[in-house]
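Derivation of every value follows stated rules applied to the coordinates shown; laboratory data play no part. These numbers come from a predicted model, not from an experiment. When we count neighbours, we look across all protein chains shown, and the Cβ atoms used for this are built from the backbone with ideal geometry, even at glycine.
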Amino acid sequence: MQAVSYVFTEPGLLGEQVPVEVGDVRLVAENGTEVTFEDYGRAGILFPEGNYTVSFTGTIRDNELMQVFERPYRATVTVPARFNVTNPVLGGYSPGATVTTRADGSTVVAWESTREAHVRFYDADRESLFWFFATTWAVVAVILLFPFVADRLARAGWKG
């Protein structure tokens, strides 16, 4: 049987694949048994050819996770309960995903067949800041527009 390698990467500044260190790597066969693999360089694994599910943990920076695959795969991302993905301004996910909220508050974002799994998430503090600034700018816009609207109405002969 031939050995296959998989390197854990993330897109770099120019779209190139940059190896990243991950931990808690598990490789599971279709029948549910764990498959042994050889760990090389803490950024990749070497295993016998076959159809497997790989799971791992890694560091996420900038509240964003992006994985690009060479061919379409089924992908699932579990976002912890303290984060959210539903506000399209603050968060989001690549097209074709199914989003499910679990009883423990975590969110599962899953794709049946995708070449890119992209999830942008945020916490409650970031959402509070967003609404504070949005409300502030709405009030500023109303204050700045009021004299203009009042002048237009006065010129049109409106007496209120």
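Some observations on this one:
- Within the range 38-75, considering residues that are surrounded by 12 or more Cβ atoms within 10 Å (Cβ to Cβ), β-branched (V, I, T) and closer than 16 Å to V18 by Cα, the one farthest from the chain's Cα centre (by Cα): I45
- Subset of the range 88-130 that is surrounded by 13 or more Cβ atoms within 10 Å (Cβ to Cβ) and among the acidic types (D, E) - its residue that is farthest from D62 (Cα to Cα): E116
- For the range 4-28, the set of residues classified as in a strand (DSSP E or B), of a type in the set (A, V, I, L, M) and either in contact with a Pro (Cβ under 6 Å, 6 or more places away or on another chain) or free of Cβ contacts under 8 Å to residues at least 24 places away in the same chain (or both) consists of V7, V18, listed by residue number.
- Among all residues of the range 138-151, there is none that is in a strand (DSSP E or B) and loosely packed, with under 12 Cβ neighbours inside 10 Å.
- Total residues in the range 49-107 satisfying the condition of being assigned to a loop (DSSP other than H, G, I, E, B) and of a type outside the set (A, V, I, L, M): the figure is 20.
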